[in-house]
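The next block holds one structure in the form of structure tokens; read it before the comments.
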Amino acid sequence: MTALLIRYGERPWTRQLAIFLLASLVFALFDFKETLVGDLLRPAIGEPAESGLHGALAVGLVLGFLFSLNLAFLRLLPYAAQIAVTWLELLLLFLAFFASFDLSYEFIGRKIGFLIAQGAFTTVYISLISIAIASVIALIAALAKLSESAFAYACASFYISFFRGLPLLMQVYLIYLGLPQLGFVVDPVPAGITALSLCYGAYMAEIFRAGIQGVPDGQREAAAALGLQHVLTMRKIVLPQAMKLIVPPTGNQFIAMLKDSSLVSVVGVWELTFLARTQGRAEFKHLEMLITAALIYWALSIVFELIQSRIERYYGKSDLR
């Protein structure tokens, strides 16, 4: 099948046939007999659960035909419309998959407001505070690692190596459970923020360092020729240009932090994952709460992805060179 796609990929009809056969084989292997398509084919294949191999093949052929027909339809649309329609189709399939589990939507409706108002809000503000602190730590560590001072380089490299080498969950436990043994009692939220800030500050320090080093040396040489001091050169010339390289991976780090903030639930912080677990336990409806929390995390990630793309476009259009 792969050879067919490679050999005849330039011919539309053979490519379409190869996609149809490959999709049919995949649908048949995953056995979609006990779905809506299987029920519709009941007059031809009999009882779907008892139809065996011929039932799986029949359902696979029908689904493969619908899949290839959908691809042919998408090719008729503009590029942006293809993306929008594909997203909509995947979302509907996603929702249909979970709807098949006979979830209690009345229970979800009663709890979703609390999950958003308490859980999502706590998740977002912990992430925002942590990313702000992590950015400051990362900038200091990056500048220290780029400095000519052996002491500053050693401190920065030790910090980066240590906090990148430990699991984030271990760092949360060390701060929340370990420090009280030394006489420093830290509340759950500050402990979570501290752990996230230190961990992501170490990762982002390398991003900042790479962004600063990505600015051409000619920019620094031109600043030195004009008699600008090193601090002014970094603040006015190097860092603004480095932002174009720093912003995209930093945005990815923030989205990752948004999800990793769920780890602070182990110390009792009432963030989204903690509430989804506890609210679902009350009436033994774990799946309802976990799916709802997953969709909220996804929605938050999409919002911040859009914000990130706007910021990237801003720096992309800015003439900083």
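Every read-out reported here was derived from the displayed coordinates using simple, explicitly stated rules and does not represent laboratory data. For clarity, every value in this text was computed on a predicted model and none was experimentally measured. A quick note on method: Cβ atoms are made from the backbone with ideal geometry, for glycine too, and the neighbour counts reach across all protein chains shown.
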Using the Kyte-Doolittle scale, which helices in the chain average at least 0.5 and also have C-alpha atoms spread 18 Å or more along the helix axis, with helices defined as whole DSSP H runs? 12-29, 52-75, 79-99, 121-146, 150-165, 188-213, 286-317
Pairwise centroid distance, computed over Cα atoms, of the range 285-311 with the range 102-169, Å: 17
Among ARG281, ARG15, ARG164, which one moves the most in a GNM of the chain with springs linking Cα atoms closer than 10 Å? ARG15
Which of rounded, prolate, oblate describes the range 235-275, given a ≥ b ≥ c as roots of the alpha-carbon gyration tensor eigenvalues and a/c under 1.5 marking rounded, otherwise prolate only if a/b is larger than b/c? prolate
Given GLN279, LEU21, LEU228, which one lies farthest toward the positive end of the charge dipole of the chain, if we put +1 on the Cβ of every Lys and Arg and -1 on the Cβ of every Asp and Glu? LEU228
Give the total of Lys-Lys pairs in the chain with Cα-Cα distances below 24 Å; include a pair only if its members are 8 or more places apart or on different chains. 8
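Per-residue counts of other Cβ atoms within 10 Å, averaged by peptide: what ranking do you get for 295-305, 60-70, 99-109, highest first?
Working: 295-305: 15.1, 60-70: 17.3, 99-109: 11.6.
Highest mean packing first, the order is 60-70, 295-305, 99-109.
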Please give the net charge around LEU168, taking every other residue with its beta carbon less than 12 angstrom from that of LEU168, where Lys and Arg add +1 and Asp and Glu add -1. +1
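What's the ranking of 167-177, 215-225, 72-82 by average number of surrounding C-beta atoms within 10 Å, highest first?
Output ranking for 167-177, 215-225, 72-82: 167-177, 215-225, 72-82.
What is the packing order of peptides 236-247, 197-208, taking the mean over residues of other C-beta atoms within 10 Å and listing the highest first? Please list the in-between numbers first.
Working: 236-247: 18.2, 197-208: 23.5.
Highest-to-lowest ranking by the protection proxy: 197-208, 236-247.
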Volume per residue, Å³, of the convex hull around the alpha-carbon atoms of the chain? 226
Could you pull out which residues in the range 238-265 have an amide N less than 14 Å from a spot 7 Å beyond the Cα of ALA222, following the Cα-Cβ vector? 238-242
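Assuming 0.36 nm per residue, please report the length gained on full extension of the stretch ALA96 to VAL136 beyond their Cα-Cα distance. Numbers along the way, then the final one.
Numbers: separation 40, 0.36 × 40 = 14.40 nm, distance 4.42 nm.
Roughly 10.0 nm would be gained on extension.
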